[in-house]
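> This is the structure I want to talk about, given as structure tokens.
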Amino acid sequence: MDSLTQIVNFEITTACNLGALHKLCPNAHPARFASLPHDTPMSDELIVASAVALYREYGFRGLVGWHYYCEPLMDAKRMFRLMLAIRRAAPAAQFLLWSNGTLLDRYKATSAIGLFSVAVITNYGHHAPGLYSSLPWLREQIPVVEVVPAKLDGRLDFAPCGYARPCLRMYLEADFDFFGNLHLCCYDWRGLGSPGNLNTTPLADLIERWIGIREGLGTVPYFGTESSAARVPDSCRWCGARFLGNATGHVPGFVCEIAQSARERVAELGGLEIGNPPAIFAPFKQTDKAAPERNALDGMLPGP
Ligand code: SF4
């Protein structure tokens with residue numbers, strides 16, 4: 001959301017071709033939208049305006065992704081259309097493809113795939129038979145391509161945590177679901193800590209609430225000063241997931257430069273020790289620009 005956020009997701013569909021198979025994934029869980037507005041999807045105009053504003057007005061310098069709990073290639077045409085519109089208005093924009101890889105080969109001839117700076121492909125083994133044949137051409141198009149083993153954890157029903165420790169997860173990601181609800185992280189999939197909905201709340205207000213919660217969660221003593229503690233949602237106070245992103249006690253690193261700035265901010269706020277933990281997945285650097293030149297955008301074809 002701001003200069004210390006590494007990834008902002010705008011979920012472009014609720015569909016996933018593996019959703020019915022993966023019982024431990026929130027994708028098709030009935031509680032997913034039960035406590036949240038789910039009548040109005042984010043429009044293309046809203047997504048583009050918000051992403052462009054993040055880069056141009058709020059100092060965001062990370063990656064825009066499209067997944068949250070969907071498979072983004074289920075609506076690839078929309079995804080490519082949004083990427084082109086955002087890149088035209090905000091040339092600094094960079095994009096993340098997080099995909100199960102099963103549909104990749106359909107886009108081999110789609111030049112807009114080269115707009116991505118990073119691809120993380122989750123390998124579901126026998127559900128993704130064509131995955132490895134896609135990797136050579138994908139690696140020619142995208143500067144950083146990582147394949148990670150699928151690991152469905154217990155996020156549907158984590159046991160509450162009994163003792164206090166800061167959570168730095170919000171320095172990694174901000175997630176707007178398909179209906180515009182802002183989630184604190186991928187573990188907040190029910191939206192119990194949601195700062196609001198992009199369809200009905202100005203982006204500036206969401207960012208202000210977001211930073212208040214993040215700083216309350218990331219300071220020491222736990223939950224920070226009284227004023228920031230008051231902004232930390234109850235769902236975070238007992239969240240049993242917060243250690244997963246913070247095994248080292250540091251801001252998880254995906255975009256290295258941003259993670260380091262975030263660590264410095266956390267140290268300033270509350271004295272967490274600054275270290276140099278290994279990056280998650282690829283050591284992505286902001287100099288790893290997407291392959292196509294800006295003036296090539298006009299020649300890019302949307303996917304099927
Ligand atoms: S405490 Fe839990 S729900 Fe809150 S931001 Fe951290 S991991 Fe997400």
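> For E173, list long-range residues whose amide hydrogen, built 1.01 Å from N in the peptide plane, is under 5 Å from its own amide hydrogen.
Result for E173 returns Q6, I7.
> Using the Karplus curve 6.51 cos²θ - 1.76 cosθ + 1.60 with θ = phi - 60°, what ³J(HN,Hα) values do you get for each residue of region 147-152, in whole Hz, with x for Gly and Pro?
10, 10, x, 5, 9, 7
> On a full-extension model of 0.36 nm per residue, what is the gain between E257 and Y58, subtracting their alpha-carbon distance, rounded to one decimal in nm?
Going from the current span to full extension adds 69.9 nm.
> Let me ask you something else. Arrange E140, E71, E257 by Cβ neighbour counts within 10 Å, fewest through most, would you?
E140, E257, E71
> Once amide H atoms are built 1.01 Å from N in the peptide plane, which residues 5 or more positions from F116, or in another chain, come under 5 Å H to H?
Those qualifying (amide H under 5 Å, at least 5 residues apart or on another chain) number zero.
> In nm, to one decimal, how far is the modelled label at L156 from the one at E268, with both set 7 Å along Cα→Cβ?
4.3
> Length gain on complete extension for the stretch L24 to E146, per 0.36 nm per residue less the alpha carbon to alpha carbon distance?
Here the segment from L24 to E146 would lengthen by 41.6 nm.
> Check each of the chymotrypsin sites (Phe, Trp or Tyr not before Pro) in region 81-181 and keep only those in coil by DSSP with at most 14 other C-beta atoms within 10 angstrom; list them in order.
Hits after loop and neighbour filter: Y163.
> Right, here's the next one. Going by how many other beta carbons lie within 10 Å of each one, how would you line up C167, C16, C256, fewest first?
Exposure proxy ranking, most exposed first: C256, C16, C167.
> Using amide H atoms built 1.01 Å from N in the peptide plane, name the residues 5+ places from V145, or on other chains, whose amide H lies under 5 Å from its own.
Amide H neighbours of V145: A119.
> When the Karplus curve 6.51 cos²θ - 1.76 cosθ + 1.60 is applied with θ = phi - 60°, which whole-Hz ³J(HN,Hα) does each residue of region 198-213 get, with x for Gly and Pro?
After applying 6.51 cos²θ - 1.76 cosθ + 1.60, I find 5, 6, 10, 10, x, 3, 4, 5, 4, 5, 4, 5, 4, 5, x, 5 Hz.
> Now, a different point. Could you go through region 109-116 in sequence order and give the Karplus-derived ³J(HN,Hα) for each residue, using 6.51 cos²θ - 1.76 cosθ + 1.60 with θ = phi - 60°, rounded to whole Hz, and x for Gly and Pro?
With the stated coefficients, region 109-116 comes to 9, 8, 5, 5, 4, x, 6, 6 Hz.
Laboratory data are not the source of any read-out in this text; all were calculated from the coordinates shown. Given the structure is predicted, the values throughout are model-derived calculations rather than measurements. In this analysis, Cβ positions are derived from the backbone assuming ideal geometry, glycine residues included, and neighbour counts consider all displayed protein chains.
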